[in-house]
1. For Q297, what residues show an amide H to amide H distance below 5 Å, using hydrogens built from the backbone and excluding near sequence neighbours?
2. So which GluC sites (Glu not before Pro) in the range 162-243 pass both tests, a DSSP loop state and at most 15 other Cβ atoms within 10 Å of the Cβ?
3. If you find the alpha carbon centre of the range 238-313 and of the range 56-80, how far apart are they in angstrom?
4. Which number comes out as Rg/Rh for the chain once both Rg and the Kirkwood Rh are worked out on C-alpha atoms?
5. Find the relative contact order for the range 7-77 and round it to a whole percent, using C-alpha pairs within less than 8 Å whose residues are 6+ positions apart.
6. Given contacts defined as C-alpha pairs under 8 Å and at least six residues apart, what's the relative contact order of the range 126-311, whole-number percent?
7. The range 1-110: which chymotrypsin sites (Phe, Trp or Tyr not before Pro) are DSSP loop and have at most 15 other beta-carbon atoms within 10 angstrom?
8. If amide hydrogens are placed 1.01 Å from N in the peptide plane, which non-local residues have theirs closer than 5 Å to the one on L44?
Amino acid sequence: MGTAAVFTIGELARRTGLPVKTIRFYSDEGLLPPTDRTDSGYRLYDATAMARLELVRTLRELGLGLADVERALTREATIGDLAVRHVAALDEQIRRLELRRAVLRAVAKRDSPLEEVELMNKLASMSDEDRKRLLDEFWADMVEGLELDPQFYERMRSAKPELPDDPTPEQLEAWIEFAELVQDDEFRASIRRMSEWHSQLRKEDGADFGEQQQQLWMAWSERASEALEAGLAPDSPTGRELAETIFSESSRNGRDAGDPVWRKKLADGMAISMDPRAERYWFLLGKMNGWPSFPSQMPQAEWVVAALRASLR
C-alpha cells in the first residue's frame with residue numbers, strides 16, 4: 001500500500017453521508033473501483049475516489065442511469081451531451097405528469113366514474129394530429145348535405161386546438177372538456193339543428209344571408225345589452241319593440257312580418273342558434289390556443305329570445 005491517505009468503505013460512508021450498501025453497489029458496478037485493498041482483501045479508496053463518488057452521487061441525483069454515469073466517467077460522452085439528452089427525457093416525463101395531473105384534477109372536480117376516467121386519460125394523451133382529426137370529423141358531420149356559407153363554415157373548421165409543447169393544467173383541462181363536448185350526442189344534435197336552420201334560411205334568403213344576419217345581430221345585441229343594463233324585462237315595451245324590429249328586418253323575400261307561423265318559426269330558429277354550449281365551445285378553444293378572452297353574449301341572446309317569445313303571446 002502507498003503512503004497517501006486511504007479510506008475503508010465505512011470511513012467513506014461517514015465522510016460522504018452515503019450508505020455503505022450504496023457505495024459497495026457502485027464499486028461492484030465498476031463506477032468506483034477501489035484504490036487498493038488490505039491484506040485481508042477489504043477495499044480501500046483514496047481522495048480521488050472520494051471525489052469520483054461525489055460526482056457519481058450528483059449524476060444519480062440528477063436522474064442519470066448507471067450506463068450514462070459510466071459513459072461520463074470514462075469520457076465516452078461529455079456531461080453536456082448527457083445533460084441535453086436527460087433534459088429531453090425529463091421534459092417528456094414532465095409532460096406526461098402534467099397530463100395525469102390534468103386528468104386527475106378533472107376527475108376530482110366531476111367525481112367521474114371509472115369509465116369516464118379511462119376516456120379522459122385517452123383524450124389527454126391524444127396527439128396534435130388526432131385532435132385535429134377529431135374536429136374535422138365533427139364539422140364534416142355537422143354540415144354534411146347542407147347548403148351553407150362555405151367561407152363561414154371553413155372558418156369554423158379551420159379553428160383547431162393548438163396546444164403548446166408545455167400546456168398549462170388549465171389548457172389540458174380545457175382540451176379534455178372540449179373533446180368530450182364535440183363527442184357528446186346532445187351537443188352534436190344541437191349544432192346539427194343550428195346548421196340545418198342556417199341552411200334553410202340561406203336557401204330562402206340567398207347567399208348573402210349569413211353576412212346580413214351577423215350585422216343585424218350586432219345591432220340587436222347592442223339594444224339587448226342596453227335593456228339589460230337598464231333592468232328592463234323581455235316583455236317590457238322596449239323588449240316588444242326590439243322583437244318587432246327583429247321580425248321586420250328578418251322578413252325578407254316577401255315574408256309577412258305579422259304572420260304568426262313565421263314569427264314562431266323565427267323565434268324557434270333564434271332559440272336553436274343560442275345554445276350556450278356553442279359559446280362554451282369557443283371559450284374552451286380560446287383557452288387552449290391562448291386567445292384573448294371575450295365577454296359572454298348569452299345574457300343578450302337569452303333576453304332577445306325571451307322578447308321574441310313574449311311577442312307571440
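Every number here is computed from the coordinates shown, using simple stated rules; none is lab data. Since the structure is predicted, the reported quantities are computational estimates derived from the model, not experimental observations. Here the Cβ positions follow ideal geometry from the backbone for every residue, glycine too, while neighbour counts run over all protein chains shown.
1. So Q297 has HN proximity to no qualifying residue.
2. Sparse-neighbourhood loop GluC sites (Glu not before Pro): E162.
3. Answer, in whole Å: 65.
4. 1.32
5. Relative contact order of the range 7-77: 27 percent.
6. Here the relative contact order equals 30 percent.
7. Y42
8. T35, D36, R37, T38
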